[in-house]
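The values are calculated or read from the model by the stated rules, or taken from the named source; none is laboratory data. Just so it is clear, the model here is predicted, and its values are computed rather than measured. Using ideal geometry, Cβ is built from the backbone for each residue, glycine included, and neighbour counts are taken over all protein chains shown. Each accessible area value is taken on the protein alone, full model and side chains, heavy atoms only, with ligands, DNA and RNA left out. Shrake-Rupley method; radii C 1.70, N 1.55, O 1.52, S 1.80 Å.
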Amino acid sequence: MLLKSWNILNPMKIKFLLFSLLIFTSLPAQSGRVYGFITDGETGEALIGANVFLRETGQGMPTDKNGYYVIDNISGDSLTLVVSYLGYQQSNTKLDFSENGRFGQNIGLMPVVIEAEAVDVSAEKIARRFNIQPGRVNLSSNQIRSMPSILEPDIFRTIQALPGVLTQSEFSTGLIIRGGNTDQNLILLDGITVYNPSHLGGVFSNFIVDAVKDADLIKGGYNAEYGGRLSAVLNVTSREGNRNKVDASTSVSLLSAQTTLEGPFYKGAWLISGRRTYFDQILKNTSFNVPPYYFYDLQSHIFSDLTPKDRLSFSFYRGLDDLVYEDLGLDSEWGNKTYSMAYRRLFSDLLIGNFLIASSQFRTYFNLGGDSGLIEDNVIDDITAAANFTWFQNSAVTWKFGAQVKQLGFEYDNSFADTSLFVIQKKPVESAIYNKWKWILSERFIVEPGIRLNVYDAHPDRYFPDLRLGMKYLVTDDRYINFAIGNYHQFIQTIQDDFNPTILDFWVAVDESVQPGKSQQVVLGYEEYIGRVYKVQVEVYYKNLENMLTFVESRSSTDETLSDEKISDNFTPANGYAYGIEIFAQKSFGKLNGWISYTMGVARKILLGKEYYSNWDRRHAVSVIGNYKFNKKWELNWQWSYQSGQAFTPILGYFIEDLDFTFDSNHSNFRTIPGGRNSGRYPDYHRLDLGVVRHYKFKHFDMDVFLQIINSYNQDNIFRYVYHMGNAANGIDDDGDWNIDTDDLNGNGYPDYGEPNVDEDDESKVQRTDISIFPLIPSIGFTIRF
C-alpha cells in the first residue's frame, strides 16, 4: 500500500523536476556567490537560524534547519562575510570576489557569554526580515535553558507561557493552541510524528532539553510544507552530539533524574539522553495526595558525514507513563516509540534535499473500575517516507517542495465488564505533495504562497487541496506587519466527549461515513522591537473548524455494545470556531528578564444545531515568567499562570441502573443525568512556581544546585468533579463536612463511627469529590556539566 500510494505522487515527474533543477543550478554563476554550513565551533553541531550577511551590501539570510546558507547575485570585490548567533562569538571573514566568484565557506562559531550590546544589529534585522510567519517562535536549547525554569528546563512549559497557548490541565502538558484541541497540533521530532508527547503534571514534556537542538512553534496559519492537522505545528530537532570529544551532564532532584552522554563517531557524532521520575517512590506513604505515578524517556541520535555533501543519521525515542490512581479507580499507561533514518544531500550550491524513512507507534491503555470496569486499548502505527527539497533560485526567490507518504494502522478496543463494546481496525494511507516559494518583491514587501495536495485513500473524495499564503510588510526596520491565511485538512482525530472529557487521547481514522476535519485560518500580527532589549507583539486570529468527531451517548445502559461498522455509528461530526487577541511583551537581556503575555480567546462548538463552549475554552489567560540574576552565583526564577475556569457539563441528578434486575445494591450502578453541554465552569486556575539556583564552577566541571517549589501557595486547582454514591452506615465522612479540629473525638486524625458529621442521613445520596492533582511540592537537586 505504501508503494502504491507513492505512485500516486508520480515519481517520474518528481525525478524530471529534480534533474532539471540540477542542470539549472549547475550552470556557471553570472555573479558572486558564497555558501556553506554554520556550526558550533566546540561540538561541530549545525546552528539553525544563525544570521549570515555581507556587511557592505546588506545581503544575507538565516541558516536553515541544516545550518546551511547561500548568498547569491553578489556584486562587489572585497566584502566582509558576517556570521552572528546569540551566545556565540561573531565571525567576520574578508572575501575577494574579484579573483573567485564562488566561495564555499563553512564557519564554526565559538560559544561565549554575550550581552545585548554585543549582538550585531544588522544580524538581528536579517532574521526578523526573513521570518514572515505570524505566530512563529523558534527556540534553541540554549535559549530554553536561559529562560526561567522549574525543576528543569522544558520545551512545553516554556511554550505554555506564550500567548495563545494554554495548559490542558494539571494532569497533562498537552498544548491547547488558539482554541484548538490537543490532537489538532502536529508534533514532530526529527520529522517523525509524535502522537501524544505529554506527561502528567504540567511539569515535563516528552522531550529532554539536553537532547534537543531546536524547537520551532507555529501557532497558526502555517504554510504548505506542513499538513494533516487543523491548528498548529511544533517541530523539534534533536541535537547531533559532540563530534570533537566525549561529554556528559547529569541532573538529580527529589522528583527526577536525567543523564546525557555524547561523543564523536565516524565522521560524525552520537548522543543518548535518559530521564526517569520517582514520584511513586519519594511520595509513597506520605500525606501528599499525589497518585503513584512515574514516567521515563530515552532519546538518542547518531550521524555520519559520509562525504562533504552527504549525511546519514538515525534517531530513536522511547517514552512511557504509568499511572495508578485508586481515588478514581484508574489503571493506565501510555507511551511513544519512534525510529527514523534520514539522508541529506547537497546536490549543488543552490539545491539541498532531505529524505526520511520513519516509524512511530503510540499506545494507550486505560482501565477504570478493574476487570469488570471500562477498558480501552488504543494502538497507532505510522510508517512514513518523505522527501523535501530547498532550491535557492536567486537572492529574491526560494522554493521549497516535496512529498510524503504515511501507512497508518489503528486498533481501538473498548470493553466493559467482559463485554466488547466496539473494536476499530483501520489501515489507511495518507500522502501529500507540496510546493511553496518565498518571493521578496521589494525591500519592504515579502510574499510566500503555497499549495499542498493531500491524498487519503480511505475516503471516496480521495483528493483534498490546501491553499496557503503568508505576507510580511516592513513598516520600518523595527516594525513589521505579518499576515497569513490558509485552509487545512485532518484525517485522524482523537475522540471528543463533552460530558466526560477523556484523560488520555484515543485516535481514530476517518472513514467513508464522515468527512475529514477541516479548518480555515486567518492571522494578522504586528511586532515592534524597542532597542535591543524589548519586544512587543500583538496578534489577532480567527479559525473556523469543521467535522470534529464527538461522542454522543445513545445507549440505554453502560453494558450495551456499540456498532463498530463505521465511524458515524458512534461519533457525530461537530463544527466550531475560535477567535482571539494575543499581547506579548518581552525583555530579553539584563539582570531582570522574562515576559508577560495575555490572551483573550473564545472557542465554541456547534453540535446537532446547538452551540456551546468547547472543553478547551478559556476566556482569559495570563502568564508572567521571569528571571533575576543577583550576581554570577545566584539567580531567582518564577512563573505565575492564570486561566479562566474550564467549561464542563454539570449534572442535574442521577438514577439507579440495575443490569440484572435483582435490585441487589451489589449489582446496581448509579448514572448521572447531564445538564447542558459545557454550561458550567470549574474555578479559575492559577499557580505560582518558584526556583532559586546557585552556580558553582570547578576545574573540570560546572554545577548548579537548585531549590524549587511547585504550586508555592498550595492552590487547589480543580482537575475534575467525580461523583460517587455515599453510605449513611459505613463510618466514613462521605459528604466531606467532618472537621478535624472540632469532630475528632478520639484524636486519631480520621473520621470514625459515632463522631459528629459521620454517617449523616444525607450521606446516602450521590456525593461530589473535587479532584486536584498537585499540592505544594518542594524539590532540591543539582545539575553537573562536565
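Our estimate of slack between GLU565 and TYR266, defined as 0.36 nm per intervening residue step minus the Cα-Cα distance, is 102.4 nm. Once both labels are positioned 7 Å from their Cα atoms along Cα-to-Cβ, the gap between ALA396 and ILE357 label points is 4.2 nm. Converting phi to 3J(HN,Hα) with the Karplus coefficients 6.51, -1.76 and 1.60 and the offset θ = phi - 60°, segment 338-353 yields 10, 9, 7, 10, 10, 10, 10, 10, 8, 5, 7, 4, 10, 10, 10, x Hz in sequence order, with x at every glycine or proline.
Short to long, the 10 Å bins of the Cα pair-distance histogram for segment 419-510 hold 13, 28, 23, 20, 13, 3, 1 percent of all pairs. A 1.4 Å probe run over the protein chains yields, for the chain, 42 Å² of accessible area per residue, whole-number rounding. Only protein heavy atoms count here; on that basis, with a 1.4 Å probe, SER249 has an accessible area of about 10 Å².
With a 1.4 Å probe rolled over the protein heavy atoms of all chains, the accessible area of TYR579, TYR456 falls in the order TYR579, TYR456, largest first.
The listed residues TRP616, TRP738 rank as TRP738, TRP616 when sorted by accessible area, largest first, using a 1.4 Å probe. In the structure shown, the pairs LYS535/LYS697; LYS245/LYS587; LYS472/LYS518; LYS65/LYS699; LYS213/LYS472 are assessed against 29 Å; a Cα-Cα span above that value is assigned to LYS535/LYS697; LYS245/LYS587; LYS65/LYS699.
If you sort ASP461, ASP733, ASP154 by accessible surface, 1.4 Å probe, largest first, the order is ASP461, ASP733, ASP154. Computed with every protein chain present, the accessible area of SER623 is close to 10 Å² [probe 1.4 Å]. Estimate the FRET efficiency between ARG768 and VAL379 by the formula 1/(1 + (r/R0)^6), using the beta-carbon distance for r and 41 Å for R0, to the nearest 0.05. Efficiency computed from Cβ-Cβ geometry: 0.75. Could you state, as a whole-number percent, how many of the C-alpha pairs of the chain are farther apart than 46 Å? So the portion of pairs separated by more than 46 Å is 24 percent.
Which part of segment 763-786 falls in the paramagnetic zone of LEU254, meaning amide N under 11 Å from the point 7 Å along Cα-to-beta-carbon? Residues 776-781 qualify, since their backbone N sits under 11 Å from the label point. Among 104-110, 537-543, the peptide with the highest mean count of other Cβ atoms within 10 Å heads the list, and the full ranking is 537-543, 104-110.
Dividing the Cα radius of gyration of segment 236-393 by 2.2 N^0.38 Å, with N the residue count, gives 1.38.
In segment 362-502, the convex hull through the Cα atoms has an average projected area of 12.8 nm², a quarter of its surface area.
The portion of the accessible surface of the chain made up by carbon and sulfur, rounded to a whole percent, is 57 (1.4 Å probe; DNA, RNA and ligands excluded). When the charge dipole of segment 418-529 is built from unit charges on Cβ atoms (+1 for Lys and Arg, -1 for Asp and Glu) and taken about the Cα centre, the candidate among PHE491, LEU469, SER513 whose Cα reaches farthest toward its positive end is LEU469. Multiplying the residue separation of ALA417 and PHE782 by 0.36 nm and removing their Cα-Cα distance gives an extension gain of 126.6 nm.
Remark: segment 561-637 carries a charge dipole of roughly 740 debye about the Cα centre, counting +1 on each Lys and Arg Cβ and -1 on each Asp and Glu Cβ. The modelled label-to-label distance between ALA728 and ARG694, using points 7 Å beyond Cα along the C-beta direction, is 6.0 nm.
For segment 353-432 versus segment 174-228, the inter-centroid distance based on Cα atoms is 14 Å. In this view, the solvent-accessible surface of ILE583, computed with a 1.4 Å probe and all protein chains in place, comes to about 80 Å². Does segment 465-536 come out rounded, prolate or oblate, given a ≥ b ≥ c as the square roots of the eigenvalues of its C-alpha gyration tensor, rounded meaning a/c under 1.5 and, failing that, prolate meaning a/b above b/c? Note, shape of segment 465-536 comes out oblate.
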